[in-house]
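Here the structure is laid out as structure tokens; the discussion comes afterwards.
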Amino acid sequence: MSSSAENDPTVSVTERGGKDKHEDGGDKEQGGGGFIDKVKDFIHDIGEKIEEAVGFGKPTADVCGIHIPHISLHRADLVVDVLIKNPNPVPIPLVDIDYLIDSDGRKLVSGLIPDAGTIHAHGQETVKIPVSLVFDDIKSTYKDIQPGSIIPYLVRVVLLVDIPIIGRVKIPIQKDGEIPIPYKPDVDVEKIKFHHFSFEETTATLHLKLENKNDFDLGLNLLEYEMWLGDDSIASAELTQTAKIEKQGITRMQVPFSFRPKDFGSAVWDMIRGRGTGYTIKGKIDVDTPFGNMKLPISKEGGTTRLKKEDDDDDDDDN
């Protein structure tokens, strides 16, 4: 009597004792994939054990300060201090420093510093990033940024470091602040008041008006000026006089000077006769601000002033 295996043609030989070639090849493929995965896992485990044993880790960083060593009517120089701490037992190369400064999403300046140095093993370094903001470029690019205003800014820094075992890692940090867009003060000679007159020497006082068109106070330390009546320079001085010029405010100053009328031309004589005469005044002021010391130019051309005697009524002295 024949067995069921002999009578059933669907039963293959491999069912009795072995596997066919196709199935065997499939298992080999599966076995090969499992072997590669096991190798990857082994390498990963070895890496973790080395990292745990040696103590490799990701450095930390923070913007610890932003300084403005120089600011003027035209530009501001900033220095961004970044403190980087390396917890690893080997030095860590600082591959790149990528930085961007924006104001409410408006890009002000950006840059890349390659090969920025090395952070010592188990140490820390303060990396200084110098940045310059050119106010003319900012005002021409963004018309809504007005001279005299204070704008917010955000410094974004991305550090690229190369850590053994771990590889290259990006460390993003940021810090915000405010920066002014300075505007030069207006200057006017309201009048010239003389106290003693002679052809050889006349003593007088300049009544100056300074108007601060900025959204921040100016602490006046020094005033340098030269004044012309027509084509004649009649006065120049450097005054260390302190005064506070409040934001969007006006301050008045009285500046004594002397001159020799006989040495000058018709413009001086027109003023002495009580006629209005054209003047030009140029100079600069040294001021303290919340953002640092500034030296701002002052100038007025084509102005008209008059000379008043000492006993004239000063109706406008308090204006």
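What do you reckon, how do Val79, Val287 stack up by accessible area (1.4 Å probe), largest on top?
Final ranking, largest accessible area leading: Val79, Val287.
Just how much of Ile66 is accessible, in Å², when a 1.4 Å probe is used and the result is rounded to the nearest 10?
Its heavy atoms expose roughly 40 Å² to the probe.
Determine the sum of side-chain charges near Val134: Lys and Arg each +1, Asp and Glu each -1, restricted to other residues whose C-beta is under 11 angstrom from that of Val134.
Around Val134, the surrounding residues sum to -1.
Send over the per residue convex hull volume for the stretch 186-308, Cα only, as a whole number of Å³.
Per residue, the Cα convex hull of the stretch 186-308 comes to 89 Å³.
Search the structure for amide H atoms under 5 Å from the amide H of Phe216, placed 1.01 Å from N in the peptide plane, and list their residues when 5 or more places away or on another chain.
For Phe216, whose amide H was placed from the backbone, the distant partners under 5 Å are Gln248.
Note down the net charge around Gly292, summing +1 for each Lys or Arg and -1 for each Asp or Glu among other residues with Cβ under 14 Å from its Cβ.
Neighbour charge sum, excluding Gly292 itself: -3.
Based on Cα positions only, what radius of gyration and what Dmax would you give for the stretch 49-172, in angstroms?
Reported Rg and Dmax, both Å: 17.6, 59.
How far is the Cα center of the stretch 282-300 from the Cα center of the stretch 103-153, in Å?
24
Quick one: Karplus J couplings for the stretch 56-73, per residue in order, coefficients 6.51, -1.76, 1.60, θ = phi - 60°, nearest Hz, x for Gly and Pro?
After applying 6.51 cos²θ - 1.76 cosθ + 1.60, I find 6, x, 7, x, 10, 8, 7, 7, 8, x, 10, 10, 10, x, 8, 8, 9, 5 Hz.
Under Stokes-Einstein, with the Kirkwood radius over Cα pairs standing in for Rh, what whole-number D in µm²/s applies to the stretch 176-237 at 25 °C and 0.890 mPa s?
D, rounded to a whole number, is 168 µm²/s.
For the stretch 186-308, what % of the accessible area comes from carbon and sulfur atoms, probe 1.4 Å?
The C+S portion of the solvent-accessible surface of the stretch 186-308 is 43 percent.
With r defined as the distance between the Cβ atoms of Ile150 and Gln241 and R0 fixed at 30 Å, what FRET efficiency is calculated, to the nearest 0.05?
That pair, Ile150 with Gln241, gives E of 0.70.
The values are calculated or read from the model by the stated rules, or taken from the named source; none is laboratory data. Quick caveat: nothing in here was measured; it's all calculated off a predicted structure. Note: ideal-geometry Cβ built from the backbone for every residue, glycine included; neighbour counts use all protein chains shown. In case anyone asks, the SASA skips ligands and DNA or RNA and just uses the protein heavy atoms, side chains included. Shrake-Rupley method; radii C 1.70, N 1.55, O 1.52, S 1.80 Å.
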